[in-house]
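Take a look at the structure set out below.
The values are calculated or read from the model by the stated rules, or taken from the named source; none is laboratory data. None of these values were measured; they are calculated from a predicted model. Every residue, glycine as well, gets a Cβ built from its backbone with ideal geometry; the counts of neighbours run over all protein chains shown.
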Amino acid sequence: MNPLASELNAVLAGSVSGRLLSSLGRRLFFPRGIIAQSNEAKLLAPVKNATIGMAFHNGQPLILSAISDAMPTLSAKETVTYAPTAGVEEVRKAWKDSLLKKNPSLKADGITLPAAVPGITAGISFMADLFLDETSTLITSDPCWDNYSLIFSERRGAKLRGVPFFGATSSSAQGLDIAAISAAIREEAKTGSVRIIFNFPNNPSGYAPTRAEADALVDIIRETAEGGADILVICDDAYFGLFYEDDISRESLFGRLATLHEKVLAIKIDGPTKEDYVWGLRVAFVTFGSLGLLAEHQDALGKKLMGAIRSSVSCANTPAQYLILKVLSDPRTAAEKQANYELLRGRYRAVQAFVAQHPDHPKLSPMPFNSGYFMSFRCKGLDAEVLRQTLLKEHGIGTIALGPGILRVAFAALDEEQIAEIYGTIYETAGKL
């Protein structure tokens, strides 16, 4: 093993972070090579810096007119320079400030400075690299985002344990199946460690926990940690903030888990992708939190993550990061985001109204939904793929089939005046198949 990796492992020894590392996570380190040496030069030799593979003139990076004209509000530095491996410091600090505002339970010194990654998918993949391998089991919702299987199982060889977060029984039809989640966590705890990913608002169901459900989940994690198990909780917060009902918990679970217990390592993966309607910019952030996560632990974890970034994508997109900085500081942003939120909530309410007016469909049963971009149907006596193909080919309606039993509909992509007609066609088509 590389001595630098061994040094980081020694720092993390005895902590929940160290115990939860995968074999790859233990091998990862941030090399003292070009990037590290260049970072030193930026501080100590800003005028005569001959370390990084970029071209400058009069202290500014060279830039083509086609690029500069397309991004008139960004300087050359903000457009074409390499970003630091963990992201632009100013952007990282601004995102941390935004996390603290959105999640009042968070303590600034209890979490790491968010690291920038090229999209939430990349952040999830890096966490799989650090904490999962062929011997690991990860609890996730069933159904879950289909990319989880590719990331966790196919790339890392881990076992996904799908739990019916939204059970098929009538008692859990309107919310989370807390009993099923708790049972899965307790069973995994017998092995000495638990790894679980919470994706709220959930893709594909479009459900986020109520305040009471969030309390229950936090209690389960606390009790399991007090029982002696190490717990890794990944919070995939891709759709954070898009909550349409008053009883939904407004904070990420990360806010309460980050300093819950010394045996709990919480990780928040989020970003502006959906929160700020910038899907193609491909920038997101990874933040660690754990009770007793000392400065040296934070630094070591950061370097492990930087090793994963450096060895794969090198760094996140520079102009995207600076554009997000402008979004966070622009006085127009709050009002525009609120207007977008109201637009999406109107679509959500139109879907809820339609579903309420058409109960007891013989072949479609809506899963609970209260947030996000989507809602999904459980298909009864009907193959979801057959329904999807029929809707697409005969009616020009695009939906997503997740296995034979789930049909996902992204109401966020539909104009409100389209919803009654499209959902009417879905119900009618399913009834005929």
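If I ask for residues that are under 18 Å from R378 (Cβ atoms) and surrounded by 15 or more Cβ atoms within 10 Å (Cβ to Cβ), which ones from the range 417-433 would you list?
Correct list: Y423, I426, Y427, T429, A430.
Please go through the range 371-382 and pick out each residue that is closer than 19 Å to W145 by Cα and outside any strand (DSSP E or B).
Within the range 371-382, G372, Y373, F374 qualify.
Given the structure, is R347 at pLDDT below 95, in contact with a Phe, Trp or Tyr (Cβ under 6 Å, 6 or more places away or on another chain) and more than 30 Å from V88 (Cα to Cα)?
yes
Restricting to the range 1-21, name every residue that is outside any helix (DSSP H, G or I) and either at pLDDT below 90 or β-branched (V, I, T) (or both).
M1, N2
Name, by its number, the condition in (1) of a type outside the set (D, E, K, R); (2) buried (at least 20 other Cβ atoms within 10 Å of the Cβ); (3) more than 18 Å from V88 (Cα to Cα) that does not hold for L294.
Checking L294 against (1) of a type outside the set (D, E, K, R); (2) buried (at least 20 other Cβ atoms within 10 Å of the Cβ); (3) more than 18 Å from V88 (Cα to Cα), the one that fails is (2).
Among helices (runs of 4 or more DSSP H) lying entirely in the range 272-353, which contain 3 or more residues that are touching a Ser or Thr at 6+ places or on another chain (Cβ under 8 Å)?
Where helices (runs of 4 or more DSSP H) fall fully within the range 272-353 and carry at least 3 residues being touching a Ser or Thr at 6+ places or on another chain (Cβ under 8 Å), they are 295-310, 318-329.
Identify all residues within the range 321-355 that are of a type in the set (A, V, I, L, M), under 25 Å from F285 (Cβ atoms) and without any contact (Cβ under 8 Å) to a residue 60 or more places away in the chain; write none if there are none.
V327, A334, A335, A339
I'd like to know if the range 238-249 contains one or more residues that are under 11 Å from the mean Cα position of the chain (by Cα), outside any loop (DSSP other than H, G, I, E, B) and touching a residue at least 24 places away in the same chain (Cβ under 8 Å).
No: zero hits.
Out of all the residues in the range 354-370, which are of a type outside the set (S, T, N, Q), surrounded by fewer than 17 Cβ atoms within 10 Å (Cβ to Cβ) and in a helix (DSSP H, G or I)?
Across the range 354-370, the qualifying residue is only A356.
Here is a list: G157, G167, G123, G175. Which entry is among the small types (G, A, S), closer than 25 Å to K274 by Cα and assigned to a loop (DSSP other than H, G, I, E, B)?
G175
Just to be sure before I move on: is E385 touching a Pro at 6+ places or on another chain (Cβ under 8 Å), assigned to a helix (DSSP H, G or I) and at pLDDT below 95 in the structure I sent?
yes
Report yes if F243 is farther than 25 Å from G346 by Cα, at pLDDT 95 or above and touching a strand residue (DSSP E or B) at 6+ places or on another chain (Cβ under 9 Å), otherwise no.
For F243, the condition - farther than 25 Å from G346 by Cα, at pLDDT 95 or above and touching a strand residue (DSSP E or B) at 6+ places or on another chain (Cβ under 9 Å) - is not met.
Could you list, ordered by first residue, the pairs with Cβ atoms under 7 Å in which the first is in the range 363-375 and over 25 Å from E275 (Cβ atoms) and the second is crowded, with 22+ Cβ neighbours inside 10 Å, at least 6 apart or interchain?
Pairs found: K363/C379; K363/A430; L364/F377; L364/C379; L364/A430; S365/F377; P366/M375; P366/F377.
May I ask you to list the residues in the range 252-271 that are free of Cβ contacts under 8 Å to residues at least 60 places away in the same chain and assigned to a loop (DSSP other than H, G, I, E, B)?
Result: L260, H261.
For the range 350-390, name all the residues that are polar (S, T, N, Q) and in contact with a helix residue (DSSP H, G or I) (Cβ under 6 Å, 6 or more places away or on another chain).
Across the range 350-390, the qualifying residue is only T390.
So that you can scan it fast, the table gives a plain yes or no per residue for (1) buried (at least 23 other Cβ atoms within 10 Å of the Cβ); (2) among the aromatic types (F, W, Y); (3) in contact with a helix residue (DSSP H, G or I) (Cβ under 6 Å, 6 or more places away or on another chain); (4) at pLDDT 95 or above:
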position	(1), (2), (3), (4)
I111	yes, no, no, yes
P114	yes, no, yes, yes
G123	yes, no, no, yes
A128	yes, no, yes, yes
L138	yes, no, yes, yes
S141	yes, no, no, yes
W145	no, yes, no, no
S149	no, no, no, no
R155	no, no, no, no
